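The values are calculated or read from the model by the stated rules, or taken from the named source; none is laboratory data. Because the structure is predicted, anything quoted here is derived from the model rather than measured. No Cβ is skipped: glycine too gets one built from the backbone with ideal geometry, and neighbour counts run over all protein chains shown. The area values use the complete protein model at the heavy-atom level, side chains included, leaving out ligands, DNA and RNA. Shrake-Rupley method; radii C 1.70, N 1.55, O 1.52, S 1.80 Å.
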Amino acid sequence: IPLFVLSMARDFALLGPWAHAPWVNWLMFALALPVQLVVGRDYYVGAFKALRHGSSNMDVLVALGSTVAFAYSVPVTIALSAGSAALGAHVYYETAAMILALIKLGKVLEARAKARAGAAIRALIGLRPAVAHVLRGGEEHDVGVEQVAAGERLMVRPGERIPVDGLVVEGRSYVDESMLTGESRPVAKGPEEVLTGATVNGAGVLTMVATRVGADTTLAQIVRMVEQAQGSKAPIQRLADRISAYFVPAVVLIALMTMAIWLFVGVGFTPALLRAVAVLVIACPCALGLATPTAIMVGTGRGAGHGLLFRDSAALERASALRVVALDKTGTLTEGKPRVLELVCVEGGEE
């Protein structure tokens with residue numbers, strides 16, 4: 001930002017004659033160099049890997065545009081310090097730095113969106129109780145849920161969350177399964193009835209046998225579904241990847257043609273090079289590389305937070321065309337937590 005402000009203020013003649021002194025160009029070089037080496041490193045590595053495999057991606061375009069702007073400015077700075085303006089009188093350090101800074105800002109925003117989307121998954125995982133009461137050798141032992149093995153008997157006290165999926169062996173109670181079904185009315189449970197992990201036991205004490213533990217539980221499968229949906233590629237994202245494969249070489253070719261045309265016109269090497277750099281810089285379509293995966297992460301994450309699960313990102317994309325939604329039961333429309341909205345006093349009624 002200081003580099004950008006200094007450069008633009010000089011270009012718009014907002015500073016004094018001192019701004020055109022050779023040392024100011026060296027100051028800009030010093031400000032731009034760390035951005036080029038530190039921030040730009042990831043893009044240089046990505047571009048190298050892509051080119052090594054005979055393909056091209058957005059990293060190639062970003063690295064190329066930034067490098068050309070920076071590499072052109074260095075000899076100009078040296079020449080101006082020596083009192084020669086043969087290579088031009090203007091440097092473009094701020095262009096090289098701002099390309100990398102803005103792209104990196106987009107990456108940071110994408111990472112923040114992923115972190116917020118991951119909060120929905122963490123909230124789902126948080127529904128699982130940390131401790132289970134396992135009956136071993138006729139005695140009750142408190143162990144971590146991850147240590148419960150299939151076939152073991154467990155005790156579930158009133159008000160506790162059921163640790164794993166299983167079957168009731170002894171006892172009767174009502175279980176709140178609203179986290180799974182949306183139904184606010186607790187479901188009666190007795191011997192041989194199915195219990196789902198993370199649902200809440202009511203007033204009775206239940207003895208259960210674990211049937212599915214760890215990654216096999218219903219809750220774990222829901223979490224895995226959300227993670228897979230966030231990591232899957234939507235059709236539009238695959239289209240963007242295919243476009244990138246052709247887009248980058250096309251942009252480079254257009255930049256070279258632009259430079260060749262201006263050289264043919266006779267404006268000189270420096271103006272022709274600057275116009276080629278302009279093509280490379282402006283043509284970088286950050287939206288292709290950032291917007292689509294970010295939208296998928298946020299969409300699936302927010303959906304999970306509201307109880308909507310997408311099997312994959314293609315389903316999320318198709319959801320934009322929905323006009324009618326058919327719901328098979330009232331539980332889908334409720335929050336699972338009934339509450340009093342209004343009290344009506346009937347005149348003459350019993351107190």
#### Entry: Scan of segment 75-86 for residues that are open to solvent by 20 Å² or more (accessible area, probe 1.4 Å) and among the β-branched types (Val, Ile, Thr), ordered by number
78
### Query
Does residue 28 satisfy the condition of being at pLDDT 90 or above and of a type outside the set (Lys, Arg)?
yes
### Task
May I ask you to list the residues in segment 194-230 that are open to solvent by less than 20 Å² (accessible area, probe 1.4 Å), outside any loop (DSSP other than H, G, I, E, B) and at pLDDT 90 or above?
195, 201, 206, 207, 208, 210
### Task
For segment 87-110, indicate whether the set of residues that are under 30 Å from residue 306 (Cα atoms) and either open to solvent by less than 50 Å² (accessible area, probe 1.4 Å) or in a strand (DSSP E or B) (or both) is non-empty.
yes
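Considering only residues that are open to solvent by less than 40 Å² (accessible area, probe 1.4 Å) and among the acidic types (Asp, Glu), look in segment 153-193 and name the one that is modelled with the highest pLDDT.
Taking segment 153-193 first, the residues open to solvent by less than 40 Å² (accessible area, probe 1.4 Å) are 154, 156, 162-166, 168, 171, 173, 175, 177-178, 182, 189-190.
Next cut, among the acidic types (Asp, Glu) only: 165, 177.
Values: 165: 95, 177: 88.
Per the stated criteria, the residue is 165.
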### Summary
Taking first residues from segment 311-329 that are closer than 26 Å to residue 183 by Cβ and second residues anywhere that are open to solvent by 70 Å² or more (accessible area, probe 1.4 Å), the pairs with Cβ under 6 Å that are 6 or more apart or on different chains are none
